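Working notes, beginning with the structure itself.
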């Protein structure tokens, strides 16, 4: 029988006795009672909360009561933007107050980039619509917007089209809601009553380009309309006026929400009066074309350009400045298109075919002066005591310099001449071999005497700009031994530099008759002949006569420098040269007698025919540049005229007749028909 085991019962938990229960409850209640320590903490926290609320209330009171007006003004300022309003440019007048350049009011299409949609697709669609309506390219509009973004200037309006047509204005006014940011504004464009008259001199205006050194100075800002070339640029400080200011209300995103309110009216530019005589300028341009036509009739088919300068020998005031070919500057007014510029030869692709009409040949064109330079060689020879003015020296058909190892034969323009000549006669008949012999004397001078021809050329202003208020000007070149060493250095001419650096007899002979490396501008030649005419004073050519405010009062301007005597020049020696120039036009054997011999006013001057290497369509080689420079009346000169006809042949056949037309206009006499011309 199996046995069984009985477990003892498990102990049961004991219950507290009645006497223990009250003590446990008292301990539990004691743990939640507010102690003095806890009371301090609660009081401190309450004090901090009260102080914080008090500070906050004080700050709110200060903002609302004490600084309320200040912050209200700042908030108002955040809703208003200030934009510039361009001023109309000043008028340009000639010496008799004839209008050369003025303004014409137009309605322009302007776009404020900040007012355009912010969604890219909507903004792109608007750009396409604007380009279509304004008849401009999408690329043009996009570029204007991107330029504004780069300047961080999205509020100032950009000009999409300068001059809107009437249908264009009507369309945009009726559908203004469809073109956010687009507005029609009053603007001005330049107009030229006489078309291409003095185009290179007057120049043109336009928006200031990026990289222009004027940006950020003297109030020039991106988007400003400024003078870019010619008088428009040179006298821009007077012509541009003072921009005005306008306010535009914008929203929080900077989008315009009101029309522009003019707060400061723009001040129009000042009126500029020039020394140029419009009537003489017209005569000079017509005379230039007359000279070109004569050159072509004489068989010089490549004649297609030139320049005429007319100035006062006493003051340096420029009376006329003609350059051919020319262009109509109105192509730069209003909407400028490549097609219009190309038609005028004003693009790189069309400039060569039109013979570079933008080039002002009177200031920036350089040519060898030929025999018109002989008076300077004569002055240098007299001042260096190398010749006696009335001694006879051989004038032959050919000449060979004894020191020339190459034994080159140098020819006179008149191969059949063989006689002795004094200096005035050699100038009048332009004897090359007379001046070749004089040049060889210069070559034989000891080194301590330097190079007198070059020294006197520098004294008369050659080889540097004239200091005129017209730009750009070419300095030209007066070759020297130092120049040859720099031009043919060992680095630039490694195989033949020792030979090419030498100053040879031929260099002196070429220089004496205005050939070789010598190059000058027509303005420099006119300045030189002005110094001969006025007794040896070098003038500063200038075109500014005066400046007037819009109310007619005269604006003080700096006077041009007074004519200064050429250092070391003997007036007695200069008078000998003047005698030769007068004989050149009044003596029957003078090279321009056939042109000026019958003119009622006695003119003195010199012809020149200079060989120059040219590259024209269909021909590469040397062509004769036709020159004439002189002044009148011969005994009391009031005007100097210098003319050059590119590739025009003999000086007496083309340039001299052109210059004679300018004299005839100035003295109000009838031009004469050229007679028999025996000229270099």
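Over the chain, DSSP H runs of length four or greater, each weighted -39,500 (n - 2.57), average out per residue to a 222 nm ellipticity of -9500 deg cm²/dmol.
By the equivalent-ellipsoid construction on the alpha carbon gyration tensor, the range 435-489 comes out with semi-axes of 26, 15, 9 Å, ordered largest to smallest. Measuring between their Cα centroids, the range 616-680 and the range 588-614 lie 7 Å from each other. For the range 82-274, the Kirkwood hydrodynamic radius comes to 17.8 Å, computed from all pairs of different C-alpha atoms.
Full extension of the chain between residue 50 and residue 495 gives 150.5 nm of extra length, using 0.36 nm per residue less the Cα-Cα distance. For the chain, the longest principal axis of the Cα atoms and the long axis of helix 21-30 meet at an angle of about 20 degrees. Arranged from fewest to most other beta-carbon atoms within 10 Å of their beta carbon, 673, 423, 346, 288 become 673, 346, 423, 288.
The long axis of helix 120-134 is offset from the longest Cα principal axis of the chain by roughly 30 degrees. Of the beta bridges in the chain, as assigned by DSSP with both residues counted there, near 95 percent are antiparallel.
Applying 0.36 nm per residue to the separation of residue 169 and residue 149 and subtracting their alpha-carbon distance, the gain on full extension is 4.5 nm. For the range 434-559, the Kirkwood radius over C-alpha pairs fed into Stokes-Einstein at 4 °C and 1.567 mPa s yields D = 75 µm² per second. Residue ranges 368-375, 437-444, 117-124, 137-144 sort as 368-375, 437-444, 137-144, 117-124 when ordered by packing (mean number of other C-beta atoms within 10 Å per residue, highest first). Run the paramagnetic zone check for residue 668: 7 angstrom along Cα to Cβ, then residues of the range 272-311 with backbone nitrogen under 18 Å. Hits in the range 272-311 for residue 668 at 18 Å: 277-284. On the principal axes of its alpha-carbon atoms, the range 567-661 has extents of 48, 36, 24 Å, going from largest to smallest. Stretching residue 191 away from residue 217 to a fully extended chain increases their span by 6.6 nm, per 0.36 nm per residue minus the current alpha-carbon distance. Of the two radii for the chain, the radius of gyration is 1.37 times the Kirkwood radius, both from the alpha carbons; that is the Rg over Rh value. Angle between the Cα long axis of helix 36-61 and the longest principal axis of the chain, 0 to 90 degrees, nearest 10? Compared with the principal axis, the helix lies near 40 degrees.
Every read-out reported here was derived from the displayed coordinates using simple, explicitly stated rules and does not represent laboratory data. Keep in mind that this is a model prediction, so the values were computed, not measured. Cβ atoms come from the backbone with ideal geometry, glycine included; neighbour counts cover every protein chain shown.
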